[in-house]
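Have a look at the structure below, then the notes.
Please treat every number below as a calculation from the coordinates, not as lab data. On a predicted model such as this, the values are computed, not experimentally measured, just so you know. In this analysis, Cβ positions are derived from the backbone assuming ideal geometry, glycine residues included, and neighbour counts consider all displayed protein chains.
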Amino acid sequence: MLFSELAGKVIVNLDNGEVIGDVADADLLIDEITGEIDSILLPARNHMISRYHDDALLTIKWSEVKKIGPEIIVVEVNTNRNPLW
């Protein structure tokens, strides 16, 4: 999958139907050897915390991505695992 195919999509949590972010605000963690996406890194909703602090990121493993549609990416993630969410 090309990054351009992900651009502009909204990320929605399957567990509660909540919009948890936008791919435009996310960083992708790419495996250097295989070139595959390992995870999606979303900044915490509390913008007072630095975006580059590890605790300020919600990490969505690629295995948690359930479906990619024309406008949304559906993920199944427990947002309770990160208190900033």
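The table for this structure:
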{"read-out": "Amide H contacts of Lys9 (H built 1.01 Å from N, under 5 Å, at least 5 apart or other chain)", "value": "Val23, Ala24"}
{"read-out": "Label-point gap, in nm, between Leu28 and Val10 - each point 7 angstrom along Cα→Cβ", "value": "2.2 nm"}
{"read-out": "Spin-label model distance (nm) - Lys61 vs Glu36, 7 Å beyond Cα toward Cβ", "value": "1.3 nm"}
{"read-out": "Where labels lie 7 Å past Cα in the beta-carbon direction, separation of Ile68 and Leu2 in nm", "value": "1.2 nm"}
{"read-out": "Sorted by Cβ density within 10 Å, fewest first, the residues Thr34, Thr59", "value": "Thr34, Thr59"}
{"read-out": "Full-stretch length increase - Glu76, Val19 - with 0.36 nm per residue and alpha-carbon distance subtracted", "value": "19.3 nm"}
